[in-house]
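Right, one structure below, let's go through it.
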Amino acid sequence: MGGHFCLAPLIAVGAVLAAASSELPHGHPFPGKDYPQRPGFTLWLVEEFSHPLDLDTDPIWTWSDGGLSEGQVRFVKDAIKFEDGSMRIEASMEYQPPSCSNAEVGMVAGKALSSGEIRTRHNMFRYGYYEARMKAPSIQSGNPNINGNYVSTMFAYRDAKMKHWREIDIEVTGDSPNSVTMNVLNAENTILWNPSIQASQNYAGRGINVRNHFHTFAFQWLPENITWFLDGQVIGFHGPGQPLPVPDMSTKIMMNLWIFSDLFDFGGREGWNNRYPMHSEYDWFRFYKWDGDREYPCADGGTACLTEDDWYLSSNNGCDGIPQTGGPVPCTAVCASAQVQSAAAAEAQTPPAAAEGPGPTILP
């Protein structure tokens, strides 16, 4: 798979998209805010979601055009909303027809529901402390105690999984108001999930409801281990004594909301209770880079540190300008906004039709 290609144009694009200043943190922090410090870590990226992000032009963030084969949703950009000082990811009953997905590197079947996934543009995040203050969806508006089916997330994931599947998850699920699942996945050259590539842990928070209040979910990823946190308390650990190795390759940061198939095998067995639209909500996100990592992320927020392997089939959608390189590409997603712009331009260049008299009257 693969072959060699020239990185120079991609690096040039990355340099243009990189933040103009190398001052930290990157992203959209509140000016002058005194953020918490973590010994041995440097605050590298902050998103306050106080203003809308342009997910087609932002230097760090974009959106996914994917859709899990085991899920009922197709990810679309419009399902990621910025309202009232937070980010909302909304699942709705909006059918999405079959089409090519750059994120999935292939066709995605028609899906009954639409939802969203925000993700960083490149595989450039590795060891560090990842945290998000988020609120899970209410299955039915006004009653956060009704259970149903959803998976609301914050995770690190390497594209494309068919070569190096690396993943560290926090998944809040619809089976109870206090349920958290923590996963590590590590595999080579596979596109299909199986139990041997995943190690999971479950936690039920005592006396909390993650649907009616914001809570801070986090994981600390180091070369030797991974530790998960809820509101600052340790809730999970994956160390060197476990059969599955700790991932050691760079990843993208992702947050999404999806619904399992109508079998409801994961995310909550009572999916018939779901009412749409439903949404997860994110107050803020922060990434603290581990000071011992000398490779990732790229120092200026650009792409100069990325290897050929980091670029492998790593496009996120048809509009991100990232070429699908290094492996087989069965199809290429079309940028819908580019289609609209082209149609508008063509319409603007079409001369108006000659004036004509009234047409014939057609009787019923």
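The values are calculated or read from the model by the stated rules, or taken from the named source; none is laboratory data. What you are looking at is a predicted structure, and each value in this text was computed from that prediction instead of being measured. Don't worry about glycine lacking a Cβ; one is built from the backbone with ideal geometry, like all the others, and counts go over all protein chains shown. Side chains are part of the model used for accessible areas, which takes the heavy atoms of the whole protein and leaves out ligands, DNA and RNA. Shrake-Rupley method; radii C 1.70, N 1.55, O 1.52, S 1.80 Å.
Could you list, in sequence order, all residues of segment 184-210 that are under 29 Å from Ser86 (Cα atoms) and either free of Cβ contacts under 8 Å to residues at least 24 places away in the same chain or part of a loop (DSSP other than H, G, I, E, B) (or both)? The answer is Asn202, Gly205, Arg206, Gly207, Ile208, Asn209, Val210.
Only residues that are of a type outside the set (Asp, Glu) and surrounded by fewer than 16 Cβ atoms within 10 Å (Cβ to Cβ) were counted in segment 177-202, giving 11. Selection of strands (runs of 3 or more DSSP E) fully inside segment 211-295 by the criterion of at least 3 residues being open to solvent by less than 40 Å² (accessible area, probe 1.4 Å) and closer than 14 Å to Arg133 by Cβ returns 215-221, 278-290. For Ala160, the conditions (1) open to solvent by less than 10 Å² (accessible area, probe 1.4 Å); (2) out of contact with any strand residue (DSSP E or B) (no Cβ under 9 Å at 6 or more places or on another chain) all hold with the exception of (2).
Conditions (1) under 23 Å from Thr190 (Cα atoms); (2) open to solvent by less than 30 Å² (accessible area, probe 1.4 Å); (3) among the aliphatic types (A, V, I, L, M), marked per residue:
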| site | (1), (2), (3) |
| --- | --- |
| Phe49 | no, yes, no |
| Tyr95 | no, no, no |
| Cys100 | yes, yes, no |
| Ala103 | yes, yes, yes |
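Which residues, counting only those in segment 302-319, are under 18 Å from the mean Cα position of the chain (by Cα), in a loop (DSSP other than H, G, I, E, B) and within 19 Å of Arg158 (Cα to Cα)? Answer for segment 302-319, where residues must be under 18 Å from the mean Cα position of the chain (by Cα), in a loop (DSSP other than H, G, I, E, B) and within 19 Å of Arg158 (Cα to Cα): Asp310, Trp311, Leu313, Ser314, Ser315, Asn316, Asn317, Gly318. Six or more apart or on different chains, Cβ atoms under 8 Å: show the pairs whose first residue is in segment 312-337 and under 12 Å from Asp65 (Cβ atoms) and polar (S, T, N, Q) and whose second is open to solvent by 50 Å² or more (accessible area, probe 1.4 Å) and outside any loop (DSSP other than H, G, I, E, B). Between residues of segment 312-337 that are under 12 Å from Asp65 (Cβ atoms) and polar (S, T, N, Q) and residues that are open to solvent by 50 Å² or more (accessible area, probe 1.4 Å) and outside any loop (DSSP other than H, G, I, E, B), the close pairs are Asn317/Lys77. With respect to Asn145, is the statement that it is modelled with pLDDT of 95 or more, open to solvent by 30 Å² or more (accessible area, probe 1.4 Å) and in a strand (DSSP E or B) true? No; evaluated as a whole, the condition is false for this residue.
Here is a yes/no grid of residues against (1) assigned to a strand (DSSP E or B); (2) within 15 Å of the chain's Cα centre (by Cα):
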site: Tyr35; (1), (2): no, no
site: Pro39; (1), (2): no, no
site: His51; (1), (2): no, no
site: Thr62; (1), (2): yes, yes
site: Arg119; (1), (2): yes, yes
site: His122; (1), (2): no, yes
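Among the conditions (1) surrounded by 20 or more Cβ atoms within 10 Å (Cβ to Cβ); (2) part of a loop (DSSP other than H, G, I, E, B); (3) without any contact (Cβ under 8 Å) to a residue 24 or more places away in the chain, Asp169 misses just one, which is (2). Taken over segment 300-336, the residue count meeting the criterion of being closer than 26 Å to Asp78 by Cα and β-branched (Val, Ile, Thr) is 4.
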